[in-house]
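Before any comments, here is the structure.
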Amino acid sequence: MKIGIMQPYFMPYIGYFQLMNHVDKWVVFDRVQFIDKGWVNRNRILHPDQSKQWQFITVPLSKRGQFSNICDISIHNKQKWQMQVKGKLEYLRKKAPYFRVTMDWLDECLSSDTTSLSEMLSHSLITTAQYLGIDTPIVTQSSENIVIDEAEHAGQWALNIAKFYGANEYVNPCGGVSIFRQSEFDESNIKLSFLETELKPYTQQRDFVAGLSIIDVLLWNSVSDVKKALQEDFRIRSHQELLDSGK
């Protein structure tokens, strides 16, 4: 069994869903400290001013402690943040070919009335997975009775969760290669692999801006084309291969 373990991100880029589609089980890792200015409560979409390339869409948060876990954080729902997110896309109504169907999908992603950040993010990830035909089982760490050993360093969290579920392979995005120790995975008989996304350009009616939210991908591409990219536009690399390449 291949397992993927990631923090819940808000409308993440296509690589997140490529990894989810590639594995046999997906764990939403939300019992971990929230980091400001990351991807948990914000992401990027096109900016209407082409000279600025992109703009943020953000989920506003209530007051929280400095070391609060993602699963303990609440959304500041007094702000009409869902309308603000959709309003930033309105200028694309007559430009993006899949605007209407994408907005219908986005409405469903944002439809949860919970004030729990983790629950809202899990709902949007599950909704997107269903929309894209991803049938990987998705579980949320804080909702599961996951009893794992305390990690001595950041790379051990994934190893300990993989061991808990009896996985024989753990797959991570390429960006996190430096936190893992190959020897620890070897000792546990768990293969350590990395998924490297190929961000192929698509039409945005402007100079292409790569790595934006899945929202942008769906605005400009058919669901069938996105499904194809989930299966084809990446490669799997080993830990040593990435270290040798300097990534």
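The values are calculated or read from the model by the stated rules, or taken from the named source; none is laboratory data. Keep in mind that what you see is a predicted model, and the values were worked out from it rather than measured. Using ideal geometry, Cβ is built from the backbone for each residue, glycine included, and neighbour counts are taken over all protein chains shown. Accessible surface areas use protein heavy atoms only, side chains included; no ligands, DNA or RNA. Shrake-Rupley method; radii C 1.70, N 1.55, O 1.52, S 1.80 Å.
Take every Cα pair under 8 Å whose residues are at least 6 apart in sequence, average their separation, divide by the length of region 103-247, and the relative contact order is 20 percent.
About its Cα centre, the dipole of the chain is roughly 1080 debye, where the only charges are +1 on Lys and Arg Cβ and -1 on Asp and Glu Cβ. On the basis of the beta-carbon distance and an R0 of 22 Å, GLU241 and ARG181 show a calculated FRET efficiency of 0.90. When the Gaussian network model of the chain links Cα atoms closer than 10 Å, the mean-square fluctuations of VAL139, VAL147, VAL59 top out at VAL147. Annotation: the antiparallel percentage among DSSP beta bridges lying fully within the chain is about 50.
Going by accessible surface with a 1.4 Å probe and the largest first, THR136, THR203 read THR203, THR136.
Among ASP30, ASP244, the order of accessible area from largest down is ASP244, ASP30, computed with a 1.4 Å probe on protein heavy atoms.
Here the relative contact order of the chain, from alpha carbon pairs under 8 Å that lie six or more residues apart, stands at 27 percent. Largest GNM mean-square fluctuation among GLN33, GLN231, GLN50, using the chain with Cα springs under 10 Å: GLN50. Once backbone amide H atoms are built at 1.01 Å from N, SER116 has ILE75 as its partners under 5 Å, excluding neighbours fewer than 5 places away on the same chain.
For the chain, a Gaussian network of Cα nodes joined below 10 Å ranks LYS37, LYS25, LYS88 by mean-square fluctuation, and the top entry is LYS37. Length available on full extension from TYR202 to GLN66: 0.36 nm per residue minus the Cα-Cα distance, which gives 45.0 nm.
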